[in-house]
1. Once you treat every alpha carbon in the chain as an equal point and sum by Debye, what is log10 I(q)/I(0) at q = 0.08, 0.09, 0.16 Å⁻¹?
2. Kindly state, as a whole number, the per residue volume in cubic angstrom of the convex hull around the alpha carbon atoms of the range 126-217.
3. At a threshold of 8 angstrom on Cα-Cα distance, excluding pairs fewer than six apart, so keeping six or more, what relative contact order does the chain reach in percent?
4. Say we join alpha carbon atoms closer than 10 Å with springs in a Gaussian network model of the chain; which of 213, 178, 117 then has the biggest fluctuation?
5. Mean residue ellipticity at 222 nm from the helices of the chain, using -39,500 (n - 2.57) per DSSP H segment of n ≥ 4 over the full residue count, to the nearest 500 deg cm²/dmol?
6. Taking 8 Å as the Cα distance limit and 6 or more residues as the minimum spacing, I'd like the relative contact order of the range 126-217 as a percentage.
7. Roughly what % of DSSP beta bridges within the chain run antiparallel, to the nearest 5?
8. Given a 10 angstrom Cα cut-off, can you work out which residue in 218, 260, 144 is the most mobile in a GNM of the chain?
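Where a number appears in this text, it was derived from the coordinates with a stated rule and is not lab data. Computed from a predicted model, the values in this text were never measured in an experiment. All Cβ positions, glycine included, derive from the backbone under ideal geometry; neighbour counts span all protein chains shown.
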């Protein structure tokens with residue numbers, strides 16, 4: 001058992017000791033675990049972040065912040081966990097009404113509130129640009145020019161923010177991070193819009209690329225459930241607060257070498 005998983009198990013055991021009344025827990029279980037297992041929607045990418053998990057090539061298993069949080073939440077509930085992989089948070093957002101998942105973790109924006117209800121935040125998010133080798137773009141503002149081709153993951157909070165803040169640029173959407181990296185390597189785009197953490201992992205895959213200082217989006221990443229599940233929402237929101245206080249979120253960041261990722265303050269709600 002890995003250190004991260006041992007921590008999750010121990011953390012969940014402590015949390016279970018506090019418990020809920022039988023009636024309250026039954027209400028939570030009905031909304032949050034309707035199939036008897038916790039189905040966690042995760043975004044998967046070649047590089048980890050507070051949002052994106054990665055798939056271990058040798059084991060086929062997922063690793064990442066959202067995996068650790070989902071594992072701990074399932075342990076707290078006393079149910080098995082199943083991870084439902086997606087290419088990006090936009091794909092998760094669009095499947096919120098499908099009944100295929102129970103809980104997720106994603107960046108917050110107003111468009112997304114049409115699809116999910118957000119609980120407490122666990123991460124402070126900044127999104128910026130990775131620019132192509134040889135690019136003359138030096139600042140975020142300089143990306144907002146005619147002829148600049150900006151790529152990103154479709155229907156994500158980051159891509160929407162880039163479109164709002166760089167209206168003069170041309171935008172090219174991709175299903176996930178892999179496709180955006182491939183497009184830059186083939187000269188199809190001039191910049192990639194992603195979280196700073198995701199870009200830190202993507203940069204080595206595009207020799208000569210640069211991450212710009214500053215950002216065009218400062219937001220948060222939070223736990224979320226499909227709309228209309230108030231008992232589940234309250235439960236997962238409290239879980240995030242306990243996870244932050246117990247150090248699970250910080251340890252999950254560090255386990256993926258996300259040393260500069262910031263844990264959201266206690267009590268922070270989007």
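1. Rounded to two decimals, the profile gives -0.32, -0.40, -1.16.
2. On the way: hull volume 7.1 nm³, N = 92.
Residue-normalised Cα hull volume stands at 77 Å³.
3. Result for the chain is 26 percent.
4. 213
5. On the way: 9 runs with 96 residues, N = 270.
For the chain, the value works out to -10500 deg cm²/dmol.
6. Numbers: 185 pairs, mean separation 44.9, N = 92.
Relative contact order for the range 126-217 comes out at 49 percent.
7. Values: 24 of 41 bridges.
Around 60 percent of the beta bridges assigned by DSSP in the chain are antiparallel ones.
8. It is 260.
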